[in-house]
C-alpha cells in the first residue's frame, strides 16, 4: 500500500465522513485492508496515494482541495509528520511499525501544529483516534 505521510495520522481519525460516497468507500477499503493485515507493508510517498485515488480533489495527481490548503499545504503536513516520525518518502514499514512510531512520537496536542488549518481537525476525530491508537487493530498487534 502506498500512503503519503500525513495520511498516517488521518487513518486513525476517519469516522465515515468525506467528500463524497466514492471517497468514503475508498477510505473505508484502505483502512479495512490495514486493519485486516497488521504486517501489511506501507510505502511512504510524496503526492497522491491510495487514499487520494478516490478523492474528487485529486486532479492529475495533485491535491486541488483548497479547503485543506491545496497541494502546497498538504506537502507541509507531510513534511511535519516526516520530521516528527523521522521518516521520509520511499521508506517502507509495516502498519505495526507505523502504529508504534506514531504512538511514541505524536500526541493529540501535536495535531494543532501539524494539521493547524485542516478542516477535519476541529471535529476532534483525529485527536480522539490518536488517544485510542492501541485499539486501532482490534487486538491484532
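Read-outs: derived from the displayed coordinates by stated rules, not from any lab. Computed from a predicted structure; not experimentally measured. When we count neighbours, we look across all protein chains shown, and the Cβ atoms used for this are built from the backbone with ideal geometry, even at glycine.
List of remarks:
- Efficiency of FRET from Cβ geometry, residue 116 and residue 20, R₀ 35 Å, rounded to 0.05: 0.90
- From the alpha carbon centroid of segment 25-92 to that of segment 1-24 is 8 Å.
- The mean sequence distance of close C-alpha pairs (under 8 Å, at least 6 residues apart), as a share of the length of segment 2-135, puts its relative contact order at 33 percent.
- Bridge type composition, the chain - antiparallel percent by DSSP, nearest 5: 60
- Calculated [θ] (222 nm, deg cm²/dmol) that DSSP helices of n ≥ 4 give over the chain, each run adding -39,500 (n - 2.57): -13000 deg cm²/dmol
- Size-normalised alpha-carbon gyration radius of the chain, reference 2.2 N^0.38 Å: 0.95
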